[in-house]
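For reference, the structure discussed in these notes is given below.
The values are calculated or read from the model by the stated rules, or taken from the named source; none is laboratory data. What you are looking at is a predicted structure, and each value in this text was computed from that prediction instead of being measured. Note that each Cβ is placed from the backbone with ideal geometry, even for glycine, and that neighbours are counted across all protein chains shown. All accessible areas refer to the heavy atoms of the entire protein, side chains included, with ligands and DNA or RNA removed. Shrake-Rupley method; radii C 1.70, N 1.55, O 1.52, S 1.80 Å.
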Amino acid sequence: MAPSASISIGIDLGTSGVRASAIDAQGRELAATHTPLLPPSSEPAPGWFEQQPHDWWQATLTVLDALPPELMQRSQRISVDGTSGTLLLVDEQGTPSSPTLMYNDRRTEDEASTLDTMAPPDAAVHSPNAALPKLMWLNGHGYRGRHALHQADWIVHRLGATAGISDENNCLKLGYDPVQRSWPDWMGATGIDTATLPKVVPVGHPIGELSPALRQRWQCAAPVTLIAGTTDSNAATLATGIDHVGDAATALGSTLVLKVLSERPVFSPQYGIYSHRIGDRWLVGGASNTGGNLLRRYFSDRQLVSLSAQIDPSLESGLDYYPLACAGERFPINDPALAPRLSPRPDDDARFLHGLLEGMAHIEQLGYQRLQALGAPYLRRILTTGGGAANETWTQIRERVIGVPARKAVHSEAAYGAALVAAGRITW
């Protein structure tokens, strides 16, 4: 690589840690760093979850300091992703003026219920996990600020951008309309101070420059442009390399998360389906409650490996399971009382696992069929992330059931996806 070749950096703000990824102009990852974060505090009440923005910032400096100095010196673009729905208020200088309510904070159930009478059904604001109920709660409890910012927004501001700018993806759960690309009129009825809402720009849009002090800290040879990022889950999806309409990303983690690249948006709050705009394309997704949490109830990692080796993935298990860890499902079936179907359980553990993996594959198939029925495109291929992506037996079962190629994604870290955004390599 020529010494002058430019470097793009992605920063991923997760719940338990912060990561950074440095890539070259061809998208090759040259270095990656990570540092842990203290878990969100649940004080002063159950269901309340807060983190300290100062901890995010110190962790961000740590991962950037840990990148090879020669890469930081050649860096020219930085993008940040963060947890969707995490919100705080800041003053004119960007100093926090409220608690930081994390994405999973549940204190806003009353505000979310109130929004049922104000917001359209397809707005992504009806859950306590959304950002708009959090802003309503903060305003209703006397907290004031010049700007309402998401986690990624605040870190980008600390890096040098003007406070009060956000991206279209993070703002979806704050009430932003990505189809009309504007804040909707109905938000005036919520009682929030609409003057605090951020200016919204597309993902990948330049929003500022790295501050002179930080540029000097890392001896950057040229100005470093700050690029509007996305949410952490979208960044992880972008990391997989999906690039054609019909490409899908399945995350086989604790739960089952599906996303497909579409030419048009799909909104179906009944099934928890929303769409994030990136360029002229849309990431359409939904999540089932099935997944690794259930598998770990019955098997250790070692058992999963040994038992999977005993399964012939080309054969049907003969079992008709709908594997859930507990009652209740939203996608691809919307039934809060849906009972798990896990019987009969054969004496042979390998056959039992066969039935569980096959049942999850059928849920994945039904999920993509549901997305297609609602307007998303027919599947072209599936790129897989999460712990289950390493299970080749499961992959072959999924290919048989779903009928399209499935393979493990080369990259799955959100920081790498954010770096692709920074580099301008998301060109849909």
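Points to keep in mind about this one:
- Residue match in region 406-422 (condition: within 22 Å of Phe299 (Cβ to Cβ), among the charged types (D, E, K, R), open to solvent by 20 Å² or more (accessible area, probe 1.4 Å) and touching a helix residue (DSSP H, G or I) at 6+ places or on another chain (Cβ under 8 Å)): yes
- Filter result for Ala213 (within 30 Å of Glu70 (Cα to Cα) and open to solvent by 10 Å² or more (accessible area, probe 1.4 Å)): yes
- Subset of region 29-64 [in contact (Cβ under 8 Å) with a residue 12 or more places away in the chain and part of a helix (DSSP H, G or I)]: Pro53, Asp55, Trp56, Trp57, Ala59, Thr60, Thr62, Val63, Leu64
- Of all residues in region 147-161, those that are of a type in the set (Lys, Arg) have Cβ atoms under 7 Å from Cβ atoms of residues that are open to solvent by 10 Å² or more (accessible area, probe 1.4 Å), 6 or more apart or on another chain, in Arg158/Trp57.
- Top-ranked residue in region 129-163 [being open to solvent by less than 10 Å² (accessible area, probe 1.4 Å) and outside any helix (DSSP H, G or I); ranked as nearest to Asp105 (Cα to Cα)]: Ala130
- Exclusive hit being in contact with a strand residue (DSSP E or B) (Cβ under 6 Å, 6 or more places away or on another chain), at negative phi, open to solvent by 40 Å² or more (accessible area, probe 1.4 Å) and at pLDDT 95 or above, set Asp335, Asp320, Asp347, Asp312: Asp335
- Residues (open to solvent by less than 70 Å² (accessible area, probe 1.4 Å) and at pLDDT 95 or above) located in region 10-24: Gly10, Ile11, Asp12, Leu13, Gly17, Val18, Ala20, Ser21, Ala22, Ile23, Asp24
- Leading residue by the ranking (farthest from Tyr368 (Cα to Cα)) among those in region 282-338 that are of a type outside the set (Ser, Thr, Tyr) and in a strand (DSSP E or B): Asp335
- Of all residues in region 258-279, those being open to solvent by 50 Å² or more (accessible area, probe 1.4 Å) and over 21 Å from Gln180 (Cα atoms) number 1.
- Residue within region 176-192 that is open to solvent by less than 30 Å² (accessible area, probe 1.4 Å) and within 27 Å of Ala409 (Cβ to Cβ) present: yes
- Residue match in region 250-269 (condition: touching a Pro at 6+ places or on another chain (Cβ under 7 Å), modelled with pLDDT under 95 and over 28 Å from Ala422 (Cα atoms)): yes
- Region 108-128, subset among the acidic types (Asp, Glu) and part of a helix (DSSP H, G or I), residue farthest from Pro53 (Cα to Cα): Asp110
- Top-ranked residue in region 76-93 [being in contact with a Lys or Arg (Cβ under 7 Å, 6 or more places away or on another chain) and outside any strand (DSSP E or B); ranked as least open to solvent (accessible area, probe 1.4 Å)]: Gly85
- Qualifying residues in region 382-405 (those that are aliphatic (A, V, I, L, M) and farther than 21 Å from Phe299 by Cα) - the one nearest to the chain's Cα centre (by Cα): Leu383
- Considering residues of region 350-387 that are charged (D, E, K, R) and over 25 Å from Ala239 (Cα atoms) only, the residue surrounded by the fewest Cβ atoms within 10 Å (Cβ to Cβ): Arg351
A quick yes/no check of all residues on (1) under 27 Å from Thr15 (Cα atoms); (2) assigned to a helix (DSSP H, G or I); (3) open to solvent by 30 Å² or more (accessible area, probe 1.4 Å); (4) of a type outside the set (D, E, K, R):
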| residue | (1), (2), (3), (4) |
| --- | --- |
| Ala195 | no, yes, yes, yes |
| Val203 | yes, no, no, yes |
| Leu226 | yes, no, no, yes |
| Gly229 | yes, no, no, yes |
| Ser233 | yes, yes, yes, yes |
| Thr237 | yes, yes, no, yes |
| Ile242 | yes, no, no, yes |
| Val245 | no, no, yes, yes |
| Thr250 | yes, no, no, yes |
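- Enumeration of residues in region 283-298 that are over 14 Å from the mean Cα position of the chain (by Cα) and either among the basic types (Lys, Arg) or open to solvent by less than 50 Å² (accessible area, probe 1.4 Å) (or both): Ser288, Thr290, Gly291, Gly292, Leu294, Leu295, Arg296, Arg297
- Consider region 164-193 and keep the residues that are of a type in the set (Gly, Ala, Ser) and not in a loop (DSSP other than H, G, I, E, B). The one that is nearest to Arg77 (Cα to Cα) is Ser166.
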